[in-house]
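See structure below.
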Amino acid sequence: MSGGDVLKKNKIMVVDDEQDIVDYLSIFLDDNDYQVASATDTDEVMPLVEKFKPDLMLLDIVMPKKTGFAIYKGLKEDPCFSDMPILIVSAFSKTRDFPQVEFDRMIKENNLPRPGGYVEKPIDRKRLLELIKSQLGENDRNVDNGH
Amino acid sequence: MSTMDIKEVREWVCSELYEQMPVSVAVIDSDFKIVDANNTFVQTFGEMKGRSCHEAIKRSRLYCEECEAGKTFVDGKVRINKVSGIDRFGNKISYLIHLFPLVAEDGSIPYIIEMAADSTLIDELQERYELLFDKTPCYICIIDRQFQVIQTNRKFRDTFGEPGGRYCHQVYKQSPNICEECPAVRVFQTGAEHSTRQRGVDVHGNTTYYMVTAAPLIKGPDGTVETVMEIAFDVSRIVELEEQIKELFDIQEFVIASSMDALIVTDFKDRIIIFNRSAEKLFGYSAMDVIGKRGFFNEILPGEFTGLLKDNGGPKQIRETTIKNRDGESIPVRISGSCLSSEDKFLGHAAFLQDLRKIKQLEDEKLSAERLAAVGQTVAGLAHGIKNIITGLEGGLYVMKTGMRKSDVETIGKGLTMLDSNIRRISHFVREFLSFARGKVPEVDMTEPVSIAAEVFELYKYAAQQEGIEIVTDFQDGVPPAPMDREAIHTCISNLVSNAIDACQMSDKDSKVITIRAYEENETIIYEVSDNGIGMDYDVKKKVFTSFFSTKGSHQGTGLGLLLTKKTVQEHGGQVRLDSEPEEGATFRLEFPRNRLPKPGGEEHVDS
């Protein structure tokens with residue numbers, strides 16, 4: 001968890017097995033005045049969600065132990081977190097690559113709500129921020145995308 | 001005698017003749033009383049003078065029903081009568097009795113001479129011949145020149161019904177016309193015997209086949225055949241069997257002709273008797289040219305196959321070999337066949353050849369398609385890997401810039417570390433990718449397949465032990481050497497064992513076991529690596545051979561290992577199979593059919 005700044009509004013949790021990505025996104029989101037928590041081990045996700053109670057989650061799909069889908073399904077089926085917006089952040093293309101296509105198929109098959117959005121790596125920070133804001137309903141906030 | 005005059009001689013002869021002639025003669029009066037009888041009569045019936053003739057001949061007091069002597073007494077006509085009687089010894093005898101009236105000067109008939117000739121033997125013979133005629137188990141009929149059936153035996157009547165004065169074609173065939181190849185016509189024309197096979201209709205309306213021989217029976221004084229005897233045998237069953245055989249033969253002919261396999265058969269003298277259309281197509285010879293040719297079987301078929309046939313025994317097969325066609329072109333074939341024999345009698349040889357060219361072509365195309373697909377997957381995976389690295393680099397740069405903006409040395413350092421680690425990832429990635437993409441031609445040498453697995457076991461057993469994992473082996477003895485790239489196969493098995501160790505490490509099970517098997521089955525060399533680790537779910541299994549797919553976390557795997565394994569196996573003409581359920585472990589199986597292995601020295605495949 002990065003800092004405990006009470007002035008910062010919404011809480012975002014980053015889940016990715018790559019430490020670099022987690023560090024990158026954490027610093028970027030922190031810069032944009034979000035409270036950030038992160039997990040690289042899928043086993044740590046649920047305990048952290050319950051403790052941190054994020055307003056939004058950035059979730060990778062392909063990870064060891066548990067897939068992104070398993071985490072997604074767990075959250076969407078949990079009444080406490082089913083309303084939490086989740087953005088999928090993946091190096092796989094949404095329409096072409098197998099894991100992403102398979103993710104979509106599984107969502108349909110399990111009658112789960114679609115994610116709040118997809119962000120493909122390398123990350124377009126401006127777009128990511130816009131998506132986050134739109135999901136959190138904070139469109140009037142200033143954007144610091146680092147440029 | 002010399003003293004006798006001619007009259008006396010004549011009387012004496014008459015008297016002797018009367019007494020001694022081998023016919024019983026009696027003179028009876030109109031009361032049927034015997035007034036005189038000759039010696040033969042007495043010898044046969046006893047002394048009967050003064051007694052009635054029926055008493056003498058039949059030992060009966062009643063007049064004979066069939067006796068016609070009464071009529072002769074009235075009309076004076078000579079009559080011949082057939083009578084059966086009993087001789088003085090009580091034996092039954094048949095007689096042919098001639099009745100002659102002795103007419104007095106006044107025209108009255110006081111006496112009749114009865115001459116009874118013994119016909120017992122003739123009757124017996126006649127009866128026997130009639131019986132023989134009637135009971136003969138073939139159809140017999142006698143036909144006159146008008147083709148009217150005048151006599152038939154019982155079997156004939158049972159089959160064709162009572163002729164009742166009908167013509168032979170009406171009886172035999174229920175046809176109003178004379179038969180086309182009527183044997184009787186020929187006999188009437190030529191006087192010589194003649195045989196044909198005919199189809200008739202029996203009394204129940206069923207078709208019946210018979211073999212009929214017609215022969216002249218009675219000829220007139222000028223040699224004209226008056227009647228013909230026809231003897232016919234029922235051959236319906238034979239015709240039925242013939243038809244069945246013909247049907248079978250036709251089917252066989254059709255099957256042989258339309259078979260996709262080339263079929264070559266020789267007789268016991270090693271002469272070609274079957275060379276079907278597919279054989280013509282495969283070898284380029286026409287059946288006309290080779291049928292009957294001796295030694296041709298051995299000439300065109302591979303020695304390794306004809307050699308096998310010499311061992312007799314059951315069917316022989318060579319899964320893959322080559323033959324040369326008429327133009328000298330080598331053609332890959334599968335060949336099977338056997339030595340034909342019946343009850344220890346050698347009948348010949350048969351060979352079936354399957355042209356493998358099309359199959360080979362399809363296999364090659366499949367192999368190319370698989371390789372192309374692998375390239376496609378690689379490119380997709382490459383993009384994914386690069387995107388991850390770019391994200392890492394971009395992240396590093398962002399973090400560094402953020403640090404600089406905030407004059408935060410720690411953040412700058414973090415950014416630099418990220419840049420550094422991702423640049424190192426690029427190097428590692430490029431190295432592995434190159435070894436994958438370079439498409440190194442397998443360096444193939446004859447090597448003992450099991451020994452490769454044994455080496456991998458030696459390499460990993462201590463490392464595994466340290467992780468609390470037991471490796472057990474199951475190696476088959478005596479698997480013959482095979483052309484393989486030892487180093488590449490070693491890498492493949494190592495990859496599988498390394499993966500298995502990772503899968504076990506991730507598992508919570510107390511007893512973690514990896515099994516390495518190496519054996520040969522159906523001419524296929526098989527390596528199996530099983531573990532009881534975490535296993536794989538459907539998603540992972542589906543993508544496990546895709547480039548850059550890794551479950552090992554950020555920096556542990558490039559995701560190229562299994563893809564490299566698959567590529568190596570494919571280059572050896574083999575395939576990788578995976579069997580896994582979540583929490584139940586996984587089994588990877590590398591299968592190398594011997595006939596698809598590359599040739600030693602870098603040539604493409606054993607079979608090409």
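Each value in this text was obtained by applying a stated rule to the coordinates, not by laboratory testing. The structure displayed is predicted, hence computed values, not measured ones. Here the Cβ is made from the backbone with ideal geometry for all residues, glycine too, and neighbour counts use every protein chain on show.
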Can you bin region A:11-136 into rounded, prolate or oblate? Criterion: square roots of the alpha carbon gyration tensor eigenvalues sorted a ≥ b ≥ c, rounded for a/c under 1.5, prolate for a/b above b/c, oblate for the rest.
-> rounded
In whole percents, the bins of 20 Å from zero upward hold the Cα-Cα pairs of the protein assembly as shown as 12, 21, 18, 11, 12, 10, 9, 5, 2, 0
Please state the relative contact order of region A:11-136 as a whole percent: Cα pairs under 8 Å, 6+ residues apart?
-> 22
List the relative contact order of region B:58-150 as a percent without decimals, with contacts defined as Cα pairs under 8 Å and 6+ residues apart.
-> 19
Taking 0.36 nm per residue of separation between B:GLU247 and B:ASP510 and subtracting their Cα-Cα distance, the length gained on full extension comes to 87.6 nm
Kindly identify region B:6-120 as rounded, prolate or oblate by the Cα gyration tensor criterion: order the square roots of the eigenvalues as a ≥ b ≥ c, call it rounded if a/c is under 1.5, otherwise compare a/b with b/c, prolate if a/b is larger, else oblate.
-> oblate
Taking a crude spin-label model, label points 7 Å out from Cα along the C-beta direction, the B:LEU132 to A:LYS73 distance in nm is 10.1
Extension gain, B:GLN151 back to B:PHE233 (0.36 nm per residue minus Cα-Cα distance, nm) | 27.8 nm
Among the DSSP H helices of chain B, those whose Cα atoms extend at least 30 Å along the helix axis and whose mean Kyte-Doolittle hydropathy is -0.5 or higher are B:236-258, B:357-405, B:409-437
Within 10 Å of each Cβ in A:109-121, the average number of Cβ atoms from other chains = 1
What does the highest-first list of B:300-310, A:119-129, A:76-86 look like by mean Cβ count within 10 Å?
-> A:119-129, B:300-310, A:76-86
With R₀ set to 30 angstrom, the calculated FRET efficiency between the beta-carbons of A:VAL101 and B:GLU584, to the nearest 0.05, is 0.65
Ordered by packing density, taken as the mean number of other Cβ atoms within 10 Å over each peptide's residues, highest first, how do B:338-345, B:67-74 rank?
-> B:67-74, B:338-345
Report the full-extension gain for the segment B:LYS293 to B:ASP267: residue separation times 0.36 nm, less the Cα-Cα distance, to one decimal in nm.
-> 8.3 nm
So how far apart, in nm, are the two label points at B:ALA117 and B:LEU416 if each is 7 Å from Cα heading toward Cβ?
-> 15.6
Test item: B:396-409 mean partner chain Cβ contacts at 10 Å = 3
Rounded to the nearest Å, what's the spacing between the alpha carbon centres of region A:104-124 and region B:142-194? Just the number, please.
-> 99
Karplus-derived 3J(HN,Hα) from phi for region B:517-524 (6.51 cos²θ - 1.76 cosθ + 1.60, θ = phi - 60°), whole Hz, x at Gly and Pro, runs 10, 9, 7, 10, 8, 6, 6, 10
Highest-first arrangement of B:584-597, B:124-137, B:186-199, B:412-425, where packing means the average Cβ count within 10 Å = B:584-597, B:412-425, B:186-199, B:124-137
Solitary cysteines of chain B, where the nearest other Cys Cβ is not under 4.7 Å | B:CYS14, B:CYS53, B:CYS138, B:CYS141, B:CYS168, B:CYS339, B:CYS492, B:CYS504
Classify region B:259-354 as rounded, prolate or oblate, taking a ≥ b ≥ c as the square roots of the eigenvalues of its Cα gyration tensor: rounded when a/c is under 1.5, otherwise prolate if a/b is larger than b/c and oblate if not.
-> oblate
For peptide A:22-31, how many partner chain Cβ atoms fall within 10 Å of a residue's Cβ, on average?
-> 5
What percent does the relative contact order of chain B come to when contacts are Cα pairs within less than 8 Å and at least six residues apart?
-> 6
Based on the Cβ-Cβ distance from B:LEU382 to B:SER451, what FRET efficiency comes out when R0 is 41 Å, to the nearest 0.05?
-> 0.70
Here, B:GLU523 and A:SER134, labelled 7 Å along Cα→Cβ, have an inter-label distance in nm of 6.3
